[in-house]
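Report on the following structure.
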């Protein structure tokens, strides 16, 4: 049988806080980079797309070599130290040299090392608690990871709104330093190196799978394809939403992005704990199937409106019913509000007969004639001169 792992309490405590800190270090700026380039640097969407996809492409290329390196090296803590240092360097480079070439190079560098965090964290966790407790412990890791996303999103939103969007870069640099400190608090002796790479069999013997065995495994190939398709569908949603919400709201762009992140992460904290418990009793396949099925629902919901309040509140149809107008008119009002604020709701100069009602007063729309006296109604503040 496999050896029961009994790590020190400090190592498990440090692992909890490591997941909190790594949450926003492992992806660098993440979707905030798209907001920064849109709101502060006014980059074209094509250039922003190139910058965001550079990290994803580098991550895909580095995924297999990183996994092999994590298996081969015994000092997995120092892999996280090196990766955090690279992320901090890349963020500093982007804020100091925000050119297209500089951002692409930094994103590729961050992406190539970002794969180290999940692989090393999973290996360290397996080496600390063993395979019997892995599913439940991974659920706990994810819960702390999402909690770290909430805290970091709140800090990033406040810093971007009250100080400058550039301050978010320095926040990631500080979190990278804290990540290095926290991973070194995990006792190296608590990590079973053979168990950390999955080299122990159920009978306690040692077996290290070769790369050819992995490629020949049909279940692994199917799961890898499902993971790639999921990432292709999921990765671009939040950056695209952040770019759309930042149009016409350059100063508050970071707050919009933080709100999107915090709402999602607050939901995922209890779900992560529940998923870990479910996986330990029912297996991992039902958990993955549930996650895969929820993703298209999320994408459809994002297409219902382009107004920030509507993305979290009510649809155009309900507003149109309350305002006694067509839903396409409501959509036009919201588009103009996003672009120009309250001034966008005022009528622009036009030829022909002037408009009688404004969006701000349409809910007080008068009837054509007074139904009791038979006379025309008096002008109200809902009518334009």
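The values are calculated or read from the model by the stated rules, or taken from the named source; none is laboratory data. Just so it is clear, the structure is predicted and the values come from calculations on it, not from any experiment. Note: ideal-geometry Cβ built from the backbone for every residue, glycine included; neighbour counts use all protein chains shown.
Before moving on, here are some points about what is shown:
- Residue within the range 7-16 that is in contact (Cβ under 8 Å) with a residue 24 or more places away in the chain, exposed (fewer than 15 other Cβ atoms within 10 Å of the Cβ) and not in a helix (DSSP H, G or I) present: yes
- For the range 147-155, the condition of being touching a helix residue (DSSP H, G or I) at 6+ places or on another chain (Cβ under 7 Å) and in a loop (DSSP other than H, G, I, E, B) holds for none of the residues.
- Meets criteria (surrounded by fewer than 19 Cβ atoms within 10 Å (Cβ to Cβ), under 17 Å from the mean Cα position of the chain (by Cα), touching a residue at least 24 places away in the same chain (Cβ under 8 Å) and part of a helix (DSSP H, G or I)) for residue 49: no
- Any hit, the range 111-130, residues being farther than 30 Å from residue 288 by Cβ, part of a loop (DSSP other than H, G, I, E, B) and assigned by TED's automatic domain parsing to the domain that holds residue 20: no
- Residue within the range 93-102 that is surrounded by fewer than 19 Cβ atoms within 10 Å (Cβ to Cβ) and within 27 Å of residue 267 (Cα to Cα) present: no
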